[in-house]
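Q: This is the structure, below, for whatever I ask next.
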Amino acid sequence: MTTKAGAMRHFTVHHDGVTIPVSRGGRGRPLVLCPGLSSTQADLHELTELLRRDHDVVTFDLRGHGLASAADRYSFEAFLSDLIAVLAELGRLDPPSAPVLVGYSLGADLAVHYASEHPDAVAELILIDGANPVPEPFITEADLPEFRAMWEEMATQQEAGRDSARQVLLTAQEIFELNVEIDMIRSGILDRYQKIDRPISMIMSTSMAGDSGEGHAPRFNQNWRAGVDRLVREQPRISTSWLDADHRLVFTHAQEIAQIIRGALAPAARPTS
């Protein structure tokens with residue numbers, strides 16, 4: 001694909017019966033931004049535009065999100081296959097250039113799993129509020145009714161008020177099942193980190209579940225912090241930045257996140273061998 005440097009390009013990747021829309025623009029070092037569950041490339045527009053000042057940024061929608069087509073299955077492995085398909089197409093277009101892989105929330109978990117299986121295909125990782133080896137699952141048996149009600153309400157709001165670029169086609173039950181699956185996957189993610197020899201930076205929220213002192217928030221926030229502390233004890237080479245924000249930090253603190261990424265990826269920050 002030959003186009004003017006910095007110009008926006010749009011193309012689609014077809015695999016596993018789904019169509020994944022991909023956008024690419026900017027100039028500089030290649031960077032792939034992977035969204036999370038219930039977020040789209042349109043949602044990440046502000047952060048994307050900031051990153052494009054210094055990088056050739058690729059964004060895309062996961063199956064059932066935004067402008068991607070619906071699918072007959074939604075699972076961690078299915079979403080991982082979407083990321084693999086996008087990166088395979090980029091590798092075909094730009095074979096010599098391993099990208100920086102940035103993931104938000106579920107996207108961070110996908111990035112870690114991808115890098116652990118394809119260590120030579122990634123230059124380094126930036127993980128935003130995800131891929132956290134929390135010591136305890138977030139969803140316990142006692143929490144099930146409340147979480148089900150929350151996702152039912154979320155699904156209703158998404159169906160009623162979102163344009164196609166920001167739509168989420170998953171049902172509340174599918175989102176619920178995915179969150180349970182992500183809890184299980186994070187219980188074993190430390191093993192994945194051990195297989196990655198690339199630089200890793202984490203950008204985490206101090207109040208992942210909000211700053212309320214009541215309800216589940218204090219327990220969730222404590223669990224979130226404990227997971228990162230656990231990871232850094234085992235992998236002290238991982239750099240961590242904390243933002244005074246909740247899990248929506250990519251939408252509320254895009255400027256700060258872009259600045260942290262810029263600093264992490266600056267030539268002086270990464271000595272070359």
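The values are calculated or read from the model by the stated rules, or taken from the named source; none is laboratory data. Computed from a predicted structure; not experimentally measured. Neighbour counts run over all protein chains shown; Cβ positions are idealised from the backbone, glycine included.
Q: Could you give me the residue pairs with C-beta distances under 8 Å whose first residue belongs to segment 220-240 and is over 15 Å from Lys195 (Cα atoms), whose second residue is of a type in the set (S, T, N, Q) and outside any strand (DSSP E or B) wherever it lies, and which are 6+ apart or on separate chains?
A: Every condition considered, the pairs that remain are Asn221/Thr206; Asn221/Ser207; Trp224/Asn132; Arg225/Thr206; Gly227/Asn132; Val228/Asn132.
One line per residue, one yes/no per condition, for (1) under 28 Å from Gln222 (Cα atoms); (2) touching a residue at least 24 places away in the same chain (Cβ under 8 Å); (3) under 18 Å from the mean Cα position of the chain (by Cα):
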{"site": "Ala71", "(1), (2), (3)": "no, yes, no"}
{"site": "Ile84", "(1), (2), (3)": "no, yes, yes"}
{"site": "Leu87", "(1), (2), (3)": "no, yes, yes"}
{"site": "Leu110", "(1), (2), (3)": "yes, yes, yes"}
{"site": "Asp129", "(1), (2), (3)": "yes, yes, yes"}
{"site": "Thr140", "(1), (2), (3)": "yes, no, no"}
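Q: Ok, one more. Checking the condition of a type in the set (D, E, K, R), surrounded by fewer than 19 Cβ atoms within 10 Å (Cβ to Cβ) and modelled with pLDDT of 95 or more, which residue from Asp163, Asp191, Asp211 passes? Steps first, please.
A: Numbers: Asp163 fails: modelled with pLDDT of 95 or more; Asp211 fails: modelled with pLDDT of 95 or more.
Result: Asp191 is the single residue among Asp163, Asp191, Asp211 that is of a type in the set (D, E, K, R), surrounded by fewer than 19 Cβ atoms within 10 Å (Cβ to Cβ) and modelled with pLDDT of 95 or more.
Q: Can you name the residue in segment 241-269 that is surrounded by fewer than 12 Cβ atoms within 10 Å (Cβ to Cβ) and out of contact with any Ser or Thr (no Cβ under 8 Å at 6 or more places or on another chain) and, of all such residues, is modelled with the highest pLDDT?
A: Looking only at segment 241-269, we keep the residues that are surrounded by fewer than 12 Cβ atoms within 10 Å (Cβ to Cβ), and these are 244, 255, 266-268.
Then drop every residue that is not out of contact with any Ser or Thr (no Cβ under 8 Å at 6 or more places or on another chain), which leaves 255, 266-268.
Numbers: Gln255: 98, Ala266: 79, Pro267: 68, Ala268: 49.
Only one residue fits best here, namely Gln255.
Q: When you look at Arg9, is it without any contact (Cβ under 8 Å) to a residue 60 or more places away in the chain, crowded, with 22+ Cβ neighbours inside 10 Å and charged (D, E, K, R), yes or no? Before you say what the answer is, go through the steps one by one.
A: Values: without any contact (Cβ under 8 Å) to a residue 60 or more places away in the chain: yes; crowded, with 22+ Cβ neighbours inside 10 Å: no; charged (D, E, K, R): yes.
Taking the combined requirement at face value, the residue does not satisfy it.
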